[in-house]
Amino acid sequence: MKRLVIITALLALIFGAAFTEFFVLKNTFTRIETEAAAIKTEMNIDKEHIDTQSILKKVQNLEDFWLSRKPAASVMINQILLMEYTAILGRLKTNIQINEYPMAQVEADNLLRQTNELRELHKPYVKNIF
């Protein structure tokens, strides 16, 4: 009986951690996706001048948000994927700062694609729990 209680408690802990991970990452990626889509939409309004204060502020807020969530996400996300995701965000910011619309558009698309892939990768499948 004692073993059954211990096994049940350990399984509850594992499942609880897996679902907590899912909700933390889901909320993080949903917010990033929303903000990245807003940046992309605003860039498309005036393709000649994407280095406006409004866009720069949005991309800086997005980067700050990601960097605040990165330590917690680093426990859950493959480090190579994490480094690439951070690099995409950095390239997006740089291309906006230098007013390079075509490359900024590519990086915004990459950020949205990678966000969707990471969200899909970290859904609570049994293989992700054990």
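The values are calculated or read from the model by the stated rules, or taken from the named source; none is laboratory data. Here the structure is a predicted model, which is why all the values come from computation and not from measurement. Reconstructed Cβ throughout: ideal geometry from the backbone, glycine too, with neighbour counts over all protein chains shown. SASA here: full protein model, heavy atoms, side chains in, ligands and nucleic acids out. Shrake-Rupley method; radii C 1.70, N 1.55, O 1.52, S 1.80 Å.
Heavy-atom surface analysis with a 1.4 Å probe gives the chain a carbon and sulfur content of 64 percent of its accessible area. Summary of packing: across the peptides 43-52, 107-116, the per-residue average of other C-beta atoms within 10 Å ranks them, highest first, as 107-116, 43-52. Over the chain, what is the mean sequence separation of C-alpha contacts under 8 Å (at least six apart), divided by residue count, expressed as relative contact order in percent? Relative contact order for the chain comes out at 37 percent.
On a per residue basis, the chain carries 61 Å² of accessible surface, using protein heavy atoms and a 1.4 Å probe.
Using only side-chain charges placed at the Cβ, +1 for Lys and Arg and -1 for Asp and Glu, the dipole size of region 60-108 relative to its Cα centre rounds to 120 debye. Comparing ALA73, ALA104, ALA17 in a Gaussian network model of the chain, where Cα atoms under 10 Å apart are tied by springs, the biggest mean-square fluctuation is seen for ALA17. Each Lys and Arg Cβ is given +1 and each Asp and Glu Cβ -1; about its Cα centre, region 1-119 then shows a dipole of about 740 debye.
For region 1-43, would you read off the P(r) tail past 13 Å as a percentage of all alpha carbon pairs? So the portion of pairs separated by more than 13 Å is 66 percent. How big is the Kirkwood radius of the chain, worked out from every pair of different alpha carbons and given in Å to one decimal? By the Kirkwood definition, the hydrodynamic radius is 16.1 Å. Setting aside same-chain residues fewer than 8 positions from LYS58, which lysines have a Cα under 29 Å from its Cα? Leaving aside lysines fewer than 8 places away in the same chain, those within reach of LYS58 are LYS26, LYS40, LYS47, LYS70, LYS93, LYS123.
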